[in-house]
1. Which value does Rg/Rh take for the stretch 144-189 over its C-alpha atoms, Rh per Kirkwood?
2. When ranked by the protection proxy of mean other Cβ atoms within 10 Å per residue, highest first, what sequence do the peptides 190-196, 224-230 form?
3. Assuming R0 = 30 Å, can you tell me the calculated FRET efficiency for the pair Ser52 and Leu269, based on Cβ-Cβ distance, to the nearest 0.05?
4. Considering every Cα-Cα pair within the chain, what fraction, in whole percent, is farther apart than 30 Å?
5. Over 30 Å between Cα atoms: which of Lys29/Lys117; Lys100/Lys174; Lys73/Lys160 fall into that group?
6. On average over all directions, what projected area in square nanometres does the stretch 139-270 have, based on the convex hull of its Cα atoms?
7. Would you mind checking the tilt of helix 129-147 against the longest principal axis of the Cα atoms of the chain, expressed as 0 to 90 degrees and rounded to 10?
8. Bin by bin, in steps of 10 Å, what percent of the Cα pairs in the stretch 116-169 do you find, going until the bin that has the longest distance?
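Quick note: the coordinates plus some simple rules give every number you see, no bench work behind them. What you are looking at is a predicted structure, and each value in this text was computed from that prediction instead of being measured. When we count neighbours, we look across all protein chains shown, and the Cβ atoms used for this are built from the backbone with ideal geometry, even at glycine.
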Amino acid sequence: MVTRSAHHVHTAYVDGIDTVFEMAEAAEKAGFLSLGFSEHSIQVVDPFYGLSPETALSYRQDVLEAREKYSGKLSIYLGMELDVFAAPLPFPIDYHLAAKHYLTHESEHIPVDGNFKDVERLARELGGWVPLCSRYFDEFADHIERCRPDIIAHFDLPAKWNEDGRHYDESDPKYLQAGFDALSRMAATGALLEVNTGAIARGYRSSPYPSLPFLKFWRSLGGRVILGSDCHDARCIVTGYELSETLMREAGYSCAVRLGVHDLFEEYLL
């Protein structure tokens, strides 16, 4: 049976469409055991895509109120998604996801999942999509080693644009080796690797992040996985879950991790 838990959801505080309470209501109706909010944190670059110091406090208050409202019915956790450019938080959280959205080139911070024309231009300037991805993986590993998060979010995010291999060959040895090198460095931190269905829900991909070769390699390292929808719309809170759990089994996993009812993380059988 597909797990009923999500650790990676967004709200109308930044780029989601639902309130904290609407998301919690959807999770309860879907029979969830647990729900973790992970809004985009305050950041020093591109502040439009992060909480402000003021909205961060409101976000925290809403999550704590939802936790009390659903006590005994749904375990709710206060999380945060911290990008490379995240600013220090003014309060403690239960867990955090580390993400990398931006590549910096000639003083320009370009989100690799943002405007496609900007990403395409960056790929040309860096010598192609594989060099772009290789640099992304290496810098993401730097970020994970520095911040040592609980969860690594959407590992191969540039693949958002590469459905059906339209821009680069994901079996290219140089591409795979760059990803393997980054995963090897990340595994040493003990972080969970997220299997993320967000691009499926938003119509960009038919499969989750990370791709099967990366998932198999992570398994060979003894790394653990956690499934999340990266939900920006409460109607998509479990989109792609069944497919993703099938993929995890194909990668060799017999169990995965989710937010627990009583403990922060717990394992469950796939």
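1. Taking Rg over the Kirkwood Rh, I get 1.03.
2. My ranking of the peptides, most packed first, is 224-230, 190-196.
3. Plugging the Cβ-Cβ distance into 1/(1 + (r/R0)^6) gives 0.10.
4. Tail of P(r) above 30 Å: 23 percent of Cα pairs.
5. Over 30 Å Cα-Cα: Lys29/Lys117; Lys73/Lys160.
6. Averaged projected area of the stretch 139-270's Cα convex hull equals 8.2 nm².
7. With both axes taken from Cα atoms, the answer is about 40 degrees.
8. Each 10 Å bin holds this share of Cα pairs: 22, 49, 24, 4.
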